[in-house]
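Take a look at the structure below.
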Amino acid sequence: MDRLLHYYFNLDYMAKSLPALLGGLAVTVEIAAWTILGGLTLGLSLALLRALRIAPLSVVIVCFVDMFRAIPPLVVIFLFYFALPYAGVALDPFWCATLTLILNLAAVSEEIFWAGIVSVHRGQWEAARSTGMPFGRTLLWVIMPQAIRLVIPPLTNKTISITKMTALASVVAVPELLNQASTEQGIYANPTPLMLAALMFLALFLPLVLASRWVERRFGWER
Amino acid sequence: MPAGTPVAGSGDEVVRIQGLSKSYGTTAALHAVNLTVRRGEAVAIIGPSGSGKSTLLRCINRLEEPTEGRIFVDGLDLTARGVDINKARREIGFVFQAFNLYPHLTAQGNVRLALRLVLRLGSAEATARARAALDQVGLSDKYASYPSQLSGGQQQRVGIARALALEPKIMLFDEPTSALDPELVGEVLSVIAAMRDRGMTMVIVSHEMQFARQVADRVVFMNEGSIVEENTPEELFTRPAKQRTRDFLARVLRH
């Protein structure tokens, strides 16, 4: 028990590594915020474009989506970091990671939004269009409110699981939380910083999980 | 003729259907149908399942795209290239068998939506008009109710109010009571009858023979994609001219 406390909950090392870890936490939060905002906005936009039913456009969207659903995010991060410079584009490691997560969440959330859109009964389209409502307004005011309510559970689920991948950024030397913890562990030869980082990850993502439950309940107007 | 040019002699005609055909692939649902509906007239379309009655109705506001033929509503050719179909649809009210109410909006919200987004009315005016329409169908106490809180008959009446609020020139009813429990049918039919008495031009596809008899000026019998015969209710129901009509009526009026 003593050894457990010394190696994993060593208050002395926790205090020493805290500043570095807090810096890492800030970076993690930044990546997470960009991922959620950028990923969901892009995903929703792609789903709305797909609703236009313009065949060539839909094909392009589906190709993009399938590609980013199929390739592991880590591979994409490496490609951005190691391969892009040869094409003349030198991305900051922070953006290699963040862009990867944005594109990944966009692809996954596009499919989820699309599933919601096509699940809305055709009669809803017909009712709105029969009153003279144009396509765009029908999509925005009649279809999307219903589509989004349908897909909130899988959407919040996937958003959290992809946002957690911020830790992948550590492999391209982004000073986010995991990277900092790893470094501190090396300095002090004690895994306590890693434990502290784990608790910080929990503190960051558990509220997100609870918030998603609240959203599910709040918008589930199901009879 | 460019879209929007009124056709001569159309003043009295609200709907003119010429040579309308509709095929789904190789299956023909409508064969060169001709039909005219005059202002203030109530036309009932009856016939067996698959006869094309609903398809015909849905072609009038182009919920179904005709394969061939022309459709004129108030003189405007809806099948012409470049026609503003959204503008045309404001003049055509459509009531669905399955109601198709917006579940995320209240009764008032359902009726208000097109008033705000299509007619671009101000908020207060839209609310007033929506409530007036709901009053007309007898739902003054249900403004704030969601569709899931309403009975089938009430939901259909909201559907009627939603179409009525736009003050269309013609109302189309696609089997308005077929999805209702029998005891709820009457309340919807009396709303339709009241509209008829106020002079609304309407086309009703229905299985309610008694209702067609009471309310319609003209009954059209369809079978296998064509109009077999049309006449006043009195004539068609008591002295049908064609054998197919007789067969159908014999099967249906037995109940």
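Laboratory data are not the source of any read-out in this text; all were calculated from the coordinates shown. Note that the structure is a prediction, hence the values are computed from the model and not measured. Don't worry about glycine lacking a Cβ; one is built from the backbone with ideal geometry, like all the others, and counts go over all protein chains shown.
For chain A, the longest principal axis of the alpha carbon atoms and the long axis of helix A:55-70 meet at an angle near 20°. Neighbours of B:Ala194, meaning other residues whose beta-carbon lies under 14 angstrom from its beta-carbon, give a summed charge of 0 when Lys and Arg score +1 and Asp and Glu score -1. In chain A, the longest principal axis of the Cα atoms and the axis of helix A:93-119 are about 30 degrees apart. Taking Lys and Arg as +1 and Asp and Glu as -1, the other residues whose beta-carbon sits under 12 Å from that of B:Arg218 total -4. Taken about its Cα centre, the protein assembly as shown carries a charge dipole of about 560 debye when Lys and Arg each add +1 at the Cβ and Asp and Glu each add -1 at the Cβ.
What stretch of chain B, leaving out the sites themselves, is the longest with no trypsin sites (Lys or Arg not before Pro) in a DSSP loop having at most 10 other Cβ atoms within 10 Å? By the stated rule (loop sites, at most 10 other Cβ atoms within 10 Å), B:1-80.
Taking square-rooted eigenvalues a ≥ b ≥ c of the alpha carbon gyration tensor, is chain A rounded, prolate or oblate, where a/c under 1.5 means rounded and, failing that, a/b exceeding b/c means prolate? Cα axes put chain A in the oblate bin. Take each residue in B:87-95, count the other chain C-beta atoms within 10 Å of its C-beta, and the mean is 3.
Cross-link partners of B:Lys53 among lysines, defined as those whose alpha carbon lies under 22 angstrom from its own and excluding same-chain residues fewer than eight positions apart: B:Lys22, B:Lys169, B:Lys242. Where Lys and Arg each count +1 and Asp and Glu each count -1, what net charge lies around B:Glu65 among other residues with Cβ under 12 Å from its Cβ? Once positives and negatives cancel, what remains is +1.
Dividing the summed helix terms, -39500 (n - 2.57) for each DSSP H run of n ≥ 4, by the number of residues in the protein assembly as shown produces a 222 nm estimate of -17500 deg cm²/dmol to the nearest 500. A simple charge model with +1 on the Cβ of Lys and Arg, -1 on the Cβ of Asp and Glu and nothing else charged puts the dipole of segment A:2-219 at about 860 debye relative to its Cα centre. Quick one: angle between helix A:192-219 and the longest Cα principal axis of chain A, in degrees between 0 and 90, rounded to 10, please. Around 20 degrees separate the two axes.
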